[in-house]
Amino acid sequence: MASIARRVTRRLSRKAIAQLLADYQSGASTRELAMSYGISKTSVQRLLEEHGVAFRYQGLSSSQVTEAIELYRAGHSVAHLAGNLGLSPSSIYDALKRSGVEMRSAHEPDRRRRRSNP
């Protein structure tokens with residue numbers, strides 16, 4: 001079975017792959033690269049791995065954590081926050097937990113909807 005890198009090289013030239021690697025090392029996220037180059041995030045990650053590029057943590061910045069806390073406490077769901085910040089729900093959930101935020105049950109309705117429909 002062909003590796004991910006070999007399959008991607010059918011769609012991307014060597015020059016494009018070199019640029020993708022350089023873009024990542026310059027700070028672009030794997031998600032941004034996937035969208036820019038028209039490949040999956042997994043393909044980007046595999047290309048980086050196969051070319052020996054060290055992964056960096058792509059968690060939330062301190063300002064994103066503050067924003068997530070405020071919005072979550074205002075009643076927004078973890079899924080909603082993840083969509084707005086372009087991160088996975090598990091990244092949002094982990095950041096909120098590390099910050100000491102009391103988490104609602106996954107089955108608890110979104111507080112914003114409950115407030116608007118008394």
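The values are calculated or read from the model by the stated rules, or taken from the named source; none is laboratory data. Predicted, not measured: the structure shown is a model, and the values here were computed from it. Note that each Cβ is placed from the backbone with ideal geometry, even for glycine, and that neighbours are counted across all protein chains shown.
So, VAL8, is that one among the hydrophobic types (A, V, I, L, M, F, W, C) and outside any loop (DSSP other than H, G, I, E, B) or not? Reasoning before the result, please.
Working: among the hydrophobic types (A, V, I, L, M, F, W, C): yes; outside any loop (DSSP other than H, G, I, E, B): yes.
Considered against the rule, which asks whether it is among the hydrophobic types (A, V, I, L, M, F, W, C) and outside any loop (DSSP other than H, G, I, E, B), VAL8 comes out as yes.
Could you say whether any residue in the stretch 91-98 is within 17 Å of SER29 (Cα to Cα), without any contact (Cβ under 8 Å) to a residue 40 or more places away in the chain and within 12 Å of the chain's Cα centre (by Cα)?
Looking for residues that are within 17 Å of SER29 (Cα to Cα), without any contact (Cβ under 8 Å) to a residue 40 or more places away in the chain and within 12 Å of the chain's Cα centre (by Cα), one finds at least one in the stretch 91-98, hence yes.
Would you check which residues across the stretch 7-50 are of a type in the set (Asp, Glu) and closer than 24 Å to ALA82 by Cα and list them?
ASP23, GLU32
Can ARG31 be described as at pLDDT below 90, farther than 30 Å from HIS107 by Cβ and of a type in the set (Lys, Arg)?
Here the answer is no, as ARG31 does not meet what is asked.
If you go through the stretch 14-35 one residue at a time, how many are surrounded by fewer than 14 Cβ atoms within 10 Å (Cβ to Cβ), in a helix (DSSP H, G or I) and polar (S, T, N, Q)?
Here the count works out to 1.
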